[in-house]
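Peer 1: For reference, the structure I am asking about is given below.
Derivation of every value follows stated rules applied to the coordinates shown; laboratory data play no part. Note that the structure is a prediction, hence the values are computed from the model and not measured. Don't worry about glycine lacking a Cβ; one is built from the backbone with ideal geometry, like all the others, and counts go over all protein chains shown.
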Amino acid sequence: MKLKELERPAVQVWSPASQCPVYLATGTSAQQLDASFSTNGTLEIFEVDFRDPSLDLKRKGVLSASSRFYKLIWGSFGNGLLEASGVIAGGGNNGMLTLYNVTHILSSGKEPVIAQRQKHTGAVRALDFNPFQGHLLATGASDSEIFIWDLNNLNVPMTPGSKSQYREQPPEDIKALAWNRQVQHILASAHPSGKAVVWDLRKNEPIIKVSDHSNRMHSSGLAWHPEIATQLVLCSEDDHLPVIQLWDLRFASSPLKVLESHSRGILSVSWSQADPELLLSSAKDNQILCWNLGSGEVVYKLPTQSSWCFDVQWCPRDPPVFSAASFDGWISLYSVMGRSWEVQQIRQADKISSSFSKGQPLPPLQVPEQVAQASLIPPLKKPPKWMRRPAGVSFAFGGKLVTFGLPSTPAHQVPQLCLRLVFVSQVTTESEFLRRSAELQESLGSGNLLNYCQNKIELTSLQSEKMLWQFLKVTLEQDSRVKFLKLLGYSKDELQKKVATWLKSDLGLGESPQSEGDDHSNRQQVFCSQASKHITEEASASSTFFDELVPQSMTPWEIPITEDTDGLLSQALLLGELGPAVELCLKEERFADAIILAQAGGADLLKQTQECYWAKKKSRISSLLACVVRKNWKDMVCTCSLQNWREALALLLTYSGPEKFPELCDMLGMRMEQEGGRALTSEARLCYVCSGNVEQLVECWAKCHQASSPLALQDLMEKVMVLNRSLELLRGPDGVSSGPATTYRVTQYANLLASQGSLATAMSYLPRDCTQPPIQQLRDRLFHAQGPGVMGQQCPPFPFPRVVVGATPHSKEASSYRLGFQFSQQVPTPSLRPRIFTPLVTPLTPSHSSPYQSSRMHNISDYGSPGPQAAQPLPLGPGVRPGPQDSLKNAPVPRTNLQRKKLPETFMPPAPITTPVMSLTSEPRGVLYSQPSVPGVGHAPPGAPGELSLQQLQQRPPEKVERKELPPEHRSLKISFDKLLRRCSLSAADLKTKRKLDEAAQRLECLYEKLCQGTLSPHVLAGLHEVARCVDAGSFEQGLAVHAQVVGCSSFSEVSSFMPVLKAVLTIAHKLHT
């Protein structure tokens, strides 16, 4: 792609790589004249700004020169007096050498000319700065003169060698000079006679001379290899020998490689310093080529220029950019990262249109197609070295860190087939997390969770966490409810001792049981009688007290008959009216008498009496008594003060039945979360532990931990696993299921373990019966990531639905038929004349496939002898079939030197699709799809005798043929050939072709019968699958070539019943396609 251009009849030079911004210096060429025939010289410096979309260069400095230039060179020399912009050296006529200060040219300040020397006798055509010592400048001119200048002292230049050594007979011009890029004291010179002389300046003599034995080389350019010190290239400007020769001084008898693509003499070469494989050349054939010296091919070619390009140079700072100076007076800048010139053409067209529009838009420009195609410049065929990633790193699944890097040794010292090392490391960032995870895994494996919980209790300093671990430990023990009560601070043994102590202290004080003590004794009696129902195995501590209340001597008692309350009460009792009697007792607040009478009157009366009592008698403990008697624990959970959550949980543990207990504990816990604030939210976890609700425990944890760190997640998993294990002991392994919140956290935990390299441990935590896609996908990844470590385990089911790739709805397929045989551009077109007949196996790609392609399931096995070693069915790519393994070895050698590739014995299946393919439905195999009618296509003309339309053929009832089902590995053949027949029938217009296709469909039944019987040889089977692959890809000519090869190396009796008709179908398809 052209980047910039400049109209100047000039020689050029780039600024050094260290210079920023990038500059291009031009000097008026001594070999060119413009229309004015002026002989004045000018030195100009332009800034190259690629951010500017225009093609123009910005001139930053200009200087009139005393003479024109044959050569310019820009060095980075600086000795403290000069700035970093460097020095430009120019070679002119009459041996003139001029040195310019670039900084002074750009600033237009001080005198820019540093020095002028006229030591040479002819034109100075060769210049080069030493890349290691910037103050050394080599110059070459006529009469084989070579001078080495020291810019610190320009008085006396050094001459390499003696006069007899460098002045050959006859004397020659020095066409090019180049310092070695690796060794600082080596200099090479090129001569028109075709030879190159290599000088060793330490010895001050030439050490080797390189020349072509044909003596037809007229050297015009010279360049050293950027990395290999002993290699250089020479180019010839002779039209009879336009070649580039690559020489190695270690074997200087003949060139290592000769590049021949130019048709006329080569004028210049330039070797890329960023990629030693790239070499630019320009020649008299108006071409600029970029070579790959490794392969010797042209990897980039500019369109033919209008005139010769006498100089090409790579940009030292921007690797893909190079400049070209031509004899027509233009200097152009290009990029080898080619793209079309369309953008520049549009800008140029818009610029011109703006001058002619006069306020009205011009009609759109219609560019001829051949012109548009000619403007396309293909990029380099191979990515250049400067784009190559020197090193790379990537994190992989399972905490693996994959790193790679280029070898530290130079490229020329690395063998061509060098193994590139890829390092796979295990990265562990959470050592404490892994340690705790290993402890948990060990405890779960050994079943010693009680000690594990005890260690957690001892190590935990936070009281709430200590209580939670104590509760979790109790879930693993017997009599968990009693132990829960003890943890809450309520022990039955302690209560009995306290009650006995209290009663004894009251009797010691001699209090009367008829007064306040009577009421107190009644309350204690009620409490103890209710408690005795739950403590049948223990003796009542208050029995001695009641024995002492029984009188020792019996005296006669009277029944009151007065009209007061006692008398009315007596009458009601005498008549058996217990209801009115209870009402009288309640009115007189004789609650004990009322309750005693109500017990004799039945459950309903007792319940009514209790309700009246609780309505009239309000005390601190009445609500508790009501809950205990009524057993309405749900109301208690919803109405009790949250400050008494421990007492509420103790009541549930004491009185609630096993059916309602989990639900009531969850209700209490959720109320504590919603109304109690952060403190009670943490305590609510105890309720969920008592109920065994893992899901609520996880959700409660999530509210307290907005950002889950690895250690916090580990802490949660420890509690979840212990609680799950207790539930398994209580309900059995099948009685525990995970909710969405638990599943999410377990998946998160497994992912974290996997990221730290604990793949097996991560897989053990995944719920086995969970059908959620994230769990199934993670299990599949973990299973396959462990490699041989899971050989004894069963492979988990594939986590995605298997879809037949390529199956399309009928409407799309019908629309494709209307287009004829226009196959998708995504199907690669095979070579027209294949020399290698190889059934291909390629990995499945999720790209969009052609409507005519289909995906199949095959068994990769020997067609001739399937056995237990046969692989499982594998999903293959669109239109791809597996080839036989051992059968190809036993197949006869064809007469056309047919070659085959064998599948490896340890064949690994293609990588599975990791994203489900949507909107595709799987069609049943071997079924003809009914297509909507296409007007004018596939129908016989009216009145045609004996012809049926495709619809009528499809509507025929299927013939009853007693035949075995096709083997799964060969069903794809029938699908491909049936599709081909349908497409041909829809595209064929003449009756003769349609009749042939109808006959072919019947004749192919012989093939299917042979496939069912298994009588075909492995070679024929492999060939048929290859033909079907060509059919699916739309390469019918290649299919015919494979058909001919199969027929040529098979017995006539075996294939005569179906191969001829198959060839006829392929021929028809090829004609319709073309």
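Peer 1: From the phi of every residue in the range 1013-1024, what ³J(HN,Hα) in whole Hz does the Karplus formula 6.51 cos²θ - 1.76 cosθ + 1.60 yield, where θ is phi - 60° and glycine or proline is x?
Peer 2: 7, x, 9, 7, 6, x, 5, 5, 4, 4, x, 5
Peer 1: Gap in Å between the Cα centre of the range 99-178 and the Cα centre of the range 1017-1074?
Peer 2: Distance between centres, Cα-based: 72 Å.
Peer 1: For the range 586-711, what does the relative contact order come out to in percent, with C-alpha contacts under 8 Å and a separation of six or more?
Peer 2: Computed over the range 586-711, the figure is 15 percent.
Peer 1: Any lysines with Cα under 20 Å of the residue 175 Cα? List them, leaving off those in the same chain fewer than 8 positions away.
Peer 2: 71, 119, 163, 195, 209, 284
Peer 1: Name the lysines eligible as straight-distance cross-link partners of residue 587: C-alpha to C-alpha under 23 Å, and not fewer than 8 places from it in the same chain.
Peer 2: Within the straight-line cut-off, residue 587 pairs with 607, 616, 617, 618.
Peer 1: Kindly state, to the nearest 0.05, the FRET efficiency for residue 185 paired with residue 51, given R0 = 56 Å and r defined as their beta-carbon distance.
Peer 2: Given R0 = 56 Å and the Cβ-Cβ separation, E is 0.85.
Peer 1: Okay, moving on. Excluding same-chain residues fewer than 8 positions from residue 58, which lysines have a Cα within less than 16 Å of its Cα?
Peer 2: 4
Peer 1: Alpha carbon centre of the range 725-768 versus the range 589-610: separation in Å?
Peer 2: Spelled out, the Cα-based centre of one part sits 56 Å from the other.
Peer 1: At 7 Å along Cα-to-Cβ for each site, give me the label-to-label distance between residue 155 and residue 386 in nm.
Peer 2: 4.3 nm
Peer 1: With a ≥ b ≥ c taken as the square roots of the eigenvalues of the C-alpha gyration tensor of the range 1011-1074, please select rounded if a/c is under 1.5 and otherwise prolate if a/b is larger than b/c or oblate if it is not?
Peer 2: Prolate, since a/c reaches 1.5 and a/b exceeds b/c.
Peer 1: Okay, next question. Considering only C-alpha atoms, what is the centroid distance from the range 436-500 to the range 1-24, in Å?
Peer 2: Cα centroid to Cα centroid, the span is 82 Å.
Peer 1: Along the range 134-139, what does the Karplus equation 6.51 cos²θ - 1.76 cosθ + 1.60 (θ = phi - 60°) give for ³J(HN,Hα), rounded to whole Hz, x for Gly and Pro?
Peer 2: x, 8, 9, 10, 9, 10
Peer 1: What does the C-alpha gyration tensor say about the overall shape of the range 554-682? Classify as rounded when a/c is under 1.5, otherwise prolate if a/b is larger than b/c, or oblate.
Peer 2: Taking the square roots of the gyration eigenvalues as a ≥ b ≥ c, the range 554-682 is prolate.
Peer 1: Under the rule of at least 5 residues apart or a separate chain, name every residue whose amide H is placed under 5 Å from the amide H of residue 58.
Peer 2: 47, 49
Peer 1: While we're looking at this one, here's another question. Sorted by average packing, counted as other Cβ atoms within 10 angstrom per residue and highest first, what order do 248-254, 102-108 take?
Peer 2: The packing order, highest mean first, is 102-108, 248-254.
Peer 1: Can you compute 3J(HN,Hα) from phi for each residue in the range 1037-1050, using the Karplus curve 6.51 cos²θ - 1.76 cosθ + 1.60 with θ = phi - 60°, rounded to whole Hz and x for Gly and Pro?
Peer 2: 5, 5, x, 5, 5, 5, 4, 5, 5, 5, 5, x, 10, 10
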